[in-house]
Amino acid sequence: MTLTEALAEARQRIPPAEVRLLLGHLLTRPTAWLEAHREETLTTDQLAEFRALVARRAAGEPVAYLLGNREFYGRDFAVTPAVLIPRPETELLVEVALGKVGTGGTAKILDLGTGSGCIAITLALESPAQVTAVDISLAALSVARENAAQLEASVDFIESDWYTALPSSQFDLIVANPPYIAADDRHLTEGDLRFEPLQALTDQMDGVAALRRIIADAPSCMAEGGWLFFEHGYDQAAAVLNLLHVAGFADIEQHCDLAGIVRVSGGRRVSENACI
Ligand code: GLN
């Protein structure tokens, strides 16, 4: 079967752009190469493998897991079903964080629930900061470590349930993209989310449980004047604003995504005196 025929067959089941990505991946060629070699033939094995990939995609498996990688902030990150697939909206969190650490000095940054490591590694590569990243999942940490090695980023990875296993440290900036989908949210049973690690998506409660804990415990690990910023759901801006106030944060900021929805919030730890 020629590439033209194989592409046409696959297009009956999944969108053309995905067809090209999967075939390019299988042949380890850029998608542009396919165009110029449409009359070449696939071996029987290649055709069988291609059909299997198309069938998995047609059954709902995310393209990123089939390809084994996803672009984030201009770099390729390896992903497996052990980690959440990096989302473009999470680049907002990275931008806000970079705005706080600037490009001078060696700030100490902590990334909670690092997953693929995309936030921690990007911050390590885009700033002179010293970055520590934690995750409760050993499988996720191994993906993150592989990404850091591949991208030559220096990040200290620690297995930890949020702050619990951290050596006592005072971070200048804490970032997190925690599970913030409520247990009963129907999105968990739809689309790509069905294939992603549940513990990276939902707190198995109201969607604010992990955020509540991250905010409440942050001050004990933060330098005075340090910042905490996290991503949250489209309808959680008011809830997290309240949590930040209650925990004594000052200079609270809420940042909107491109659709104008508040998706990143945070604030600054001030001294005990300033709180009173
Ligand atoms: N933004 C993701 C989604 O809604 C959820 C990521 C998360 O829970 N941290 O698909």
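The values are calculated or read from the model by the stated rules, or taken from the named source; none is laboratory data. Quick caveat: nothing in here was measured; it's all calculated off a predicted structure. Please note: Cβ atoms are built from the backbone with ideal geometry, for glycine as well, and neighbour counts cover all protein chains shown. All accessible areas refer to the heavy atoms of the entire protein, side chains included, with ligands and DNA or RNA removed. Shrake-Rupley method; radii C 1.70, N 1.55, O 1.52, S 1.80 Å.
Evaluate the distance, in nm, between pseudo-label points positioned 7 Å from the Cα of Leu138 and of Asp184 along their respective Cα→Cβ axes.
About 3.6 nm, to one decimal.
Can you run phi through the Karplus equation (6.51, -1.76, 1.60; θ = phi - 60°) for segment 147-158 and list ³J(HN,Hα) in whole Hz, with x for Gly and Pro?
Whole-Hz 3J(HN,Hα) from phi for segment 147-158: 5, 4, 5, 4, 8, 6, 9, 9, 9, 8, 9, 9.
Per residue of segment 195-202, what does 6.51 cos²θ - 1.76 cosθ + 1.60 with θ = phi - 60° give for ³J(HN,Hα)? Whole Hz please, x for Gly and Pro, Karplus curve as stated.
The phi angles translate into 9, 8, x, 4, 6, 8, 9, 10 Hz.
Which is the longest run of the chain containing none of the trypsin sites (Lys or Arg not before Pro) found in DSSP loop states (not H, G, I, E, B) with at most 15 other C-beta atoms within 10 Å?
39-276
Long-range amide H contacts for Thr202: which residues qualify at under 5 Å (H placed 1.01 Å from N, peptide plane, sequence gap of 5 or more or a different chain)?
Hits under the 5 Å cutoff: Ile181.
At what distance in angstrom do the alpha carbon centres of segment 218-265 and segment 183-214 lie from each other?
When both Cα centres are located, 19 Å separates them.
What figure, in Å² to the nearest 10, do you get for the accessible area of Asp161 with a 1.4 Å probe and non-protein molecules left out?
We get 60 Å² for Asp161.
Compute the Rg/Rh shape ratio of segment 106-169: radius of gyration over Kirkwood radius, all on alpha-carbon atoms.
Here the Rg-to-Rh quotient is 0.93.
Points 7 angstrom from Cα along the Cβ direction at Arg38 and Ala55: gap in nanometres?
A separation of 2.8 nm, rounded to one decimal place.
Leaving out ligands, DNA and RNA but keeping every protein chain, what accessible area does Ser271 have, in Å² rounded to the nearest 10, with a 1.4 Å probe?
About 30 Å², ignoring ligands and nucleic acids.
Give the shape of segment 56-149 as rounded, prolate or oblate, defined through the alpha-carbon gyration tensor: a ≥ b ≥ c are the square roots of its eigenvalues, a/c under 1.5 means rounded, and otherwise the shape is prolate if a/b is larger than b/c and oblate if not.
Prolate shape, in that a/c is at least 1.5 and a/b is the bigger ratio.
List the residues whose amide H sits under 5 Å from the amide H of Gly226, counting only those 5 or more places along or on another chain, with H placed 1.01 Å from N in the peptide plane.
Those lying under 5 Å, H to H, from Gly226 are Arg269.
Compute the FRET efficiency between Ser168 and Ala238 as 1/(1 + (r/R0)^6), taking r as their Cβ-Cβ distance and R0 = 30 Å, and round to the nearest 0.05.
0.35
Taking θ as phi - 60°, what are the ³J(HN,Hα) couplings along segment 16-28 by the Karplus curve (6.51, -1.76, 1.60), each to the nearest whole Hz, with x for Gly and Pro?
Result, ordered by residue: x, 5, 6, 4, 5, 4, 5, 5, x, 4, 4, 8, 6 Hz.
Given the -39500 (n - 2.57) contribution per DSSP H run of 4+ residues, what per-residue ellipticity at 222 nm results for the chain, rounded to the nearest 500 deg cm²/dmol?
Value at 222 nm, helices only, nearest 500: -11000 deg cm²/dmol.
For segment 1-125, compute Rg over Rh where Rg is the Cα radius of gyration and Rh is the Kirkwood radius from the inverse mean 1/r over Cα pairs.
Reported Rg/Rh (Cα atoms, Kirkwood Rh): 1.12.
Dimensions of segment 108-263 along principal axes (Cα, Å, largest first)?
Extents along the principal axes, in whole Å: 38, 38, 31.
Heavy atoms only, probe 1.4 angstrom, no DNA, RNA or ligands counted: give me Asp135, Asp185 ranked by accessible area, highest first.
Descending order: Asp185, Asp135.
If you wrap a convex hull around the alpha carbons of the chain, what volume per residue comes out, as a whole number of Å³?
Expressed per residue, the convex hull around the Cα atoms of the chain is 136 Å³.
Can you compute the label reach from Met1? Point 7 Å from Cα along the Cβ direction, backbone N cut-off under 16 Å, restricted to segment 42-82.
Correct set: 42-59.
List the residues, sorted by chain then number, that are 5 or more residues from Asp156 or on another chain and whose placed amide H is less than 5 Å from its amide H.
Val131, Thr132, Ala133
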